[in-house]
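J.: Take this structure, written in structure tokens, and hold onto it; I'll ask about it next.
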Ligand SMILES: [Zn+2]
Ligand SMILES: [Zn+2]
């Protein structure tokens with residue numbers, strides 16, 4: 001009552017290799033496997049045949065449930081598949097032993113192929129157009145699925161019951177993906193805010209830079225203005241110094257002129273003085289000559305003063321007499 005675990009494992013590793021699934025993957029059979037909190041639940045139905053250990057009756061079923069729980073350790077890149085295939089019991093026997101189905105190699109291959117494609121889709125986000133292969137049916141199927149003699153149906157792990165589990169997991173997956181989109185959105189928003197803040201910071205730095213440059217231009221302008229004022233003041237000072245210089249020069253010319261005039265006046269005065277001296281000399285000389293002349297004349301006149309006085313007297317008397325006689329004859 002052992003299943004052919006070796007065939008399942010071999011087929012699984014072949015398919016992993018054939019479909020180039022990354023990482024290391026292993027498949028283990030656990031005939032007591034139940035639902036777990038972690039791991040991806042995956043169920044299939046395949047075709048299997050049974051033989052009752054009590055009455056040796058054989059039957060086949062297309063609703064042989066195969067149950068998988070799939071886990072992947074992404075850090076170690078190690079994948080694990082736990083598998084359980086469900087037994088069925090003989091309908092004829094009262095207390096039948098539940099028998100492990102015999103699955104043909106081509107149906108094992110189909111189940112494993114579906115399994116590995118599921119792994120590719122769920123863990124490696126491979127989007128191919130693969131459609132699950134249905135089991136190959138051998139012979140004729142008798143009657144309906146007897147849920148009371150089906151281990152999966154009795155344990156709540158048959159295909160129909162597990163579909164709701166898968167749906168819930170898909171819902172969790174959808175929630176996870178929505179959360180991931182939300183996280184991505186928020187990360188992008190943080191990124192956008194960071195970029196905006198950075199643009200803001202850049203803008204403010206540029207503004208500070210512009211303000212600094214403007215202040216610098218202002219400072220340069222004011223320095224230039226102070227410079228211009230200084231230069232103007234300097235020109236003013238130079239002008240005033242030049243004016244003082246000119247005034248000084250003019251004053252100097254004036255002084256020179258005045259000095260020259262004083263000099264001229266001095267020279268004129270000196271010439272005048274010399275002239276006056278010369279004239280006094282000349283007058284003195286003239287006077288001296290006059291004096292000498294008169295001394296000489298007096299000296300010359302002194303020789304005949306008496307004669308002259310006599311002659312004068314005679315002439316006078318004669319004149320008077322003449323006048324007397326003249327007057328008498330007239331009267
Ligand atoms: Zn039986
Ligand atoms: Zn069932």
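J.: What distance in nm separates the two pseudo spin-label positions at residue 215 and residue 125, each 7 Å out from Cα along the beta-carbon direction?
T.: Label at residue 215, label at residue 125, 5.1 nm between them.
J.: Further question: For each of 120, 95, 180, count neighbouring Cβ atoms within 10 Å of the residue's Cβ, then give the residues from fewest to most.
T.: Ranking 120, 95, 180 by Cβ neighbours within 10 Å, fewest first, gives 95, 180, 120.
J.: Further, regarding this structure: Under Stokes-Einstein, with the Kirkwood radius over Cα pairs standing in for Rh, what whole-number D in µm²/s applies to segment 198-262 at 4 °C and 1.567 mPa s?
T.: Using the Kirkwood radius from Cα pairs, D works out to 80 µm²/s.
J.: Once the chain is represented by equal point scatterers at the alpha-carbon sites, with solvent omitted, what log10 I(q)/I(0) does the Debye formula produce at q = 0.08, 0.12, 0.13 Å⁻¹?
T.: Calculated log10 I(q)/I(0) at the listed q: -0.71, -1.00, -1.08.
J.: For helix 5-18, what angle does its Cα long axis make with the longest principal axis of the chain, in degrees from 0 to 90 and rounded to 10?
T.: For 5-18 against the chain, the angle is about 30 degrees.
J.: Can you give the angle from 0 to 90° between the axis of helix 159-301 and the longest principal axis of the chain, with both taken from C-alpha atoms, to the nearest 10?
T.: Tilt of helix 159-301: around 10 degrees.
J.: Want the number for residue 300 to residue 254: 0.36 nm per residue separation, take away the alpha-carbon distance, what's left?
T.: Net length gain for the segment: 10.1 nm.
J.: Would you calculate a helix-derived [θ] at 222 nm for the chain, using -39,500 (n - 2.57) for each DSSP H run of n ≥ 4 and dividing by the full residue count, to the nearest 500?
T.: Counting only the DSSP helices, I get -23500 deg cm²/dmol.
J.: Let me ask something additional. Once fully extended, how much extra length lies between residue 4 and residue 323, figured as 0.36 nm per residue of separation less the alpha-carbon to alpha-carbon distance?
T.: Value of the extension gain: 92.7 nm.
J.: How far, in degrees from 0 to 90, does helix 305-330 lean away from the longest principal axis of the Cα atoms of the chain, to the nearest 10?
T.: 70 degrees
J.: A further question on this structure: Nearest 0.05, what FRET efficiency do residue 93 and residue 177 give at R0 = 56 Å with Cβ-Cβ as r?
T.: Using R0 = 56 Å, I get an efficiency of 0.70.
J.: Show me the ranking of peptides 30-39, 45-54 by mean Cβ neighbours inside 10 Å, starting with the highest.
T.: So the order, starting with the most tightly packed, is 45-54, 30-39.
J.: Can you give me the C-alpha center-to-center distance between segment 116-140 and segment 99-113, rounded to a whole angstrom?
T.: 14 Å
J.: Right, something else. Work out the FRET efficiency for residue 13 and residue 53 from their Cβ-Cβ distance, taking R0 = 35 Å, and round it to the nearest 0.05.
T.: 0.65
J.: Would you work out the Kirkwood radius for segment 5-157? I mean one over the mean of 1/r across all pairs of different Cα atoms, in Å.
T.: Averaging 1/r across every pair of different Cα atoms and inverting gives 16.4 Å.
J.: Follow-up. Multiply the residue gap between residue 30 and residue 287 by 0.36 nm, knock off their C-alpha separation, and tell me the result in nm, one decimal place.
T.: 74.5 nm
Where a number appears in this text, it was derived from the coordinates with a stated rule and is not lab data. On a predicted model such as this, the values are computed, not experimentally measured, just so you know. Positions of Cβ are backbone-derived with ideal geometry, glycine not excepted, and every protein chain shown enters the neighbour counts.
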